[in-house]
Amino acid sequence: MGVLIMILQLILGLSVLVAVHEFGHYIAARAFGMRVHKFFIFFDAWGKKLWSKKIGETEFGIGIIPFGGYVQIAGMIDETQNADALSKEPEPWEFRAKPAWQRLIVMLGGIIMNVITGILIFSLISYTQGENYIPNERVQGIIVGDIGESVGLRTGDKVIAVNGKAVERFNDLFSSDVLLGSDVVFTVVRAGDTLQIHLPNDLADKVIDNKDGFILPIPYLTNYEIVEIAPNSPAEKAGLQKGDKIVGVNQDSVRHFYELSELLAKHKNEEVTLKVLRRGQLIELTATVGKDGKLGFQPAFFNQLYERKDLSPGEAFVKGTSTAFNVIFDNIKGFKKIFRGEVSASKSLAGPIGIGAIYGSVWDWLHFWTITGLLSMVLAFMNLLPIPALDGGHVVFLLLEILSGRPVPEKILEKAQQVGMVILLALMVFAVFNDLFKFFT
């Protein structure tokens with residue numbers, strides 16, 4: 001059931017993003033009087049499609065290959081038509097007959113719509129959910145995983161500054177400025193002494209491997225009774241209930257939540273005996289710890305540790321816009337890291353399987369729209385890359401035409417389109433096999 005939910009979320013998310021992107025091209029083309037022969041979500045192949053209906057001069061449809069989509073604009077060289085098909089004199093309603101600035105807007109239409117979608121999604125999330133963060137003053141210190149320990153941090157350290165700037169929100173310790181930054185320095189207080197910890201530039205690569213291996217907060221409020229249990233989780237299967245408090249694992253006693261986290265991490269995929277305090281009575285339950293070293297419940301202190309700030313519509317729009325564009329800035333930082341060899345491309349890039357895993361096997365609308373908003377901005381960024389066959393490749397040729405005053409020969413456009421398709425197919429094959437490799441290893 002979990003795999004089915006993952007697939008359905010992936011298909012719905014991609015359908016929304018592809019429809020929005022192609023609508024951007026479609027509406028811009030129609031605004032300038034261009035004819036659009038086809039508007040397809042996903043690709044049709046060998047004359048096969050799931051559904052189609054012709055409305056006016058445009059055939060709207062859903063293809064059988066659930067990746068991407070396209071609009072076929074009359075008189076435009078793309079994956080649907082080549083230069084030979086455009087050997088006749090251009091008609092006034094064709095793409096190639098329009099001024100370069102109009103064609104440029106058409107090619108940017110999909111990117112613009114993805115940006116607008118990303119901003120809208122994140123603005124609505126910001127307005128409905130507000131800002132949720134952990135004030136650093138509420139954190140006694142950090143719990144250090146393997147990665148945190150390897151870079152010089154220790155459990156009990158309190159991080160008070162990043163690159164000399166005081167930390168107001170604990171969440172900032174996981175920001176892109178930290179994970180994707182260069183020469184980042186933590187100022188920490190350890191046993192009364194103030195130390196400078198220099199983080200490695202390949203920190204993001206390490207965290208990708210083990211997100212829980214960096215740091216977690218030690219709260220002042222150590223009440224970690226269970227307030228929420230994830231469906232189909234090891235906690236639910238073991239019979240844990242809201243209000244329970246785990247005070248022992250096998251023969252080890254537990255006083256603080258981070259001690260429980262450390263003990264569970266040592267017993268991944270193993271059966272353990274939990275000593276549970278329930279309504280004043282001590283009982284024992286048997287649980288199988290998940291492969292992530294967790295049972296799948298939320299402790300009370302996370303509700304008490306977080307602070308929520310409600311946002312006005314204007315504040316939510318500003319926050320949503322900032323969040324959306326930070327996705328693009330983070331992608332740029334990530335590519336720089338990859339080119340410098342500080343982050344592995346195979347770990348950072350994800351194909352359909354990887355994206356499906358990000359959506360997850362539990363249908364949570366907040367999570368769904370958060371990931372869809374993120375992917376909308378990623379799609380905008382990727383499509384702006386100057387690769388032939390992508391919108392960015394068309395934009396480059398149109399800018400050359402505007403600057404030189406002469407159109408790029410159609411044969412060159414056709415060859416560039418073919419090269420671009422080969423590049424895209426190679427990237428897709430790499431992404432799919434990379435997903436499979438990560439899934440089975």
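Consider region 327-348 and keep the residues that are surrounded by fewer than 16 Cβ atoms within 10 Å (Cβ to Cβ) and outside any helix (DSSP H, G or I). The one that is modelled with the lowest pLDDT is SER344. The set of residues in region 150-180 that are closer than 30 Å to PHE339 by Cβ, in a loop (DSSP other than H, G, I, E, B) and touching a residue at least 12 places away in the same chain (Cβ under 8 Å) comprises VAL151, GLY152, LEU153, ASN163, GLY164, VAL167, LEU180. Scanning region 186-209 for residues that are without any contact (Cβ under 8 Å) to a residue 40 or more places away in the chain and either within 10 Å of VAL151 (Cβ to Cβ) or loosely packed, with under 14 Cβ neighbours inside 10 Å (or both) turns up PHE186, ALA191, GLY192, ASP193, THR194, GLN196. Restricting ILE41, ILE62 to residues that are touching a Leu at 6+ places or on another chain (Cβ under 7 Å) and at pLDDT below 95 narrows the list to ILE62.
Whether a residue is surrounded by fewer than 16 Cβ atoms within 10 Å (Cβ to Cβ) and at pLDDT 95 or above was assessed, and ILE160 passes this test.
Against the test of being surrounded by 14 or more Cβ atoms within 10 Å (Cβ to Cβ) and within 28 Å of PRO409 (Cβ to Cβ), the options ILE77, ILE41, ILE62 yield a single qualifying residue, ILE77. Report yes if ILE355 is open to solvent by less than 50 Å² (accessible area, probe 1.4 Å) and in a helix (DSSP H, G or I), otherwise no. So ILE355 passes the test. Exactly one residue out of ALA316, ALA287, ALA324, ALA300 is over 30 Å from SER123 (Cα atoms) and either surrounded by 15 or more Cβ atoms within 10 Å (Cβ to Cβ) or at pLDDT below 95 (or both), and it is ALA287. Taking region 359-374 as the range and being at pLDDT 90 or above and open to solvent by 30 Å² or more (accessible area, probe 1.4 Å) as the test, the residues that pass are TRP365, LEU366, HIS367, TRP369, THR370, LEU374. Listed residues GLU79, GLU22; which is within 30 Å of ALA350 (Cβ to Cβ), among the charged types (D, E, K, R) and modelled with pLDDT of 95 or more? Going through GLU79, GLU22 in turn, the sole match is GLU22.
Within region 4-18, none of the residues are in a strand (DSSP E or B) and open to solvent by less than 20 Å² (accessible area, probe 1.4 Å).
Within region 349-393, the residues that satisfy the criterion of being free of Cβ contacts under 8 Å to residues at least 40 places away in the same chain and under 17 Å from GLN129 (Cβ atoms) are ASP364, TRP365, HIS367. Report whether or not GLY33 is open to solvent by less than 80 Å² (accessible area, probe 1.4 Å) and modelled with pLDDT of 95 or more. Here the answer is yes, as GLY33 does meet what is asked.
Which is crowded, with 20+ Cβ neighbours inside 10 Å, within 30 Å of LEU349 (Cα to Cα) and at pLDDT 95 or above, of ILE119, ILE143, ILE125?
ILE119
Scanning region 385-406 for residues that are hydrophobic (A, V, I, L, M, F, W, C) and either modelled with pLDDT under 90 or part of a loop (DSSP other than H, G, I, E, B) (or both), which turns out surrounded by the most Cβ atoms within 10 Å (Cβ to Cβ)? Top of the filtered list is LEU390. For region 407-422, a residue qualifies if it is open to solvent by 70 Å² or more (accessible area, probe 1.4 Å) and either over 22 Å from ALA100 (Cβ atoms) or touching a residue at least 24 places away in the same chain (Cβ under 8 Å) (or both), and the qualifying residues are PRO407, LYS411, GLN418, VAL419, VAL422.
Regarding LYS242, is this residue surrounded by fewer than 20 Cβ atoms within 10 Å (Cβ to Cβ), touching a Pro at 6+ places or on another chain (Cβ under 8 Å) and charged (D, E, K, R)? No: the conditions fail for LYS242.
The values are calculated or read from the model by the stated rules, or taken from the named source; none is laboratory data. In this text the structure is predicted, and so the values were computed from the model without any measurement. Note that we place each Cβ from the backbone using ideal geometry, even for glycine, and neighbour counts take in every protein chain shown. Ligands, DNA and RNA are excluded from the accessible area calculation, which covers all protein heavy atoms including side chains. Shrake-Rupley method; radii C 1.70, N 1.55, O 1.52, S 1.80 Å.
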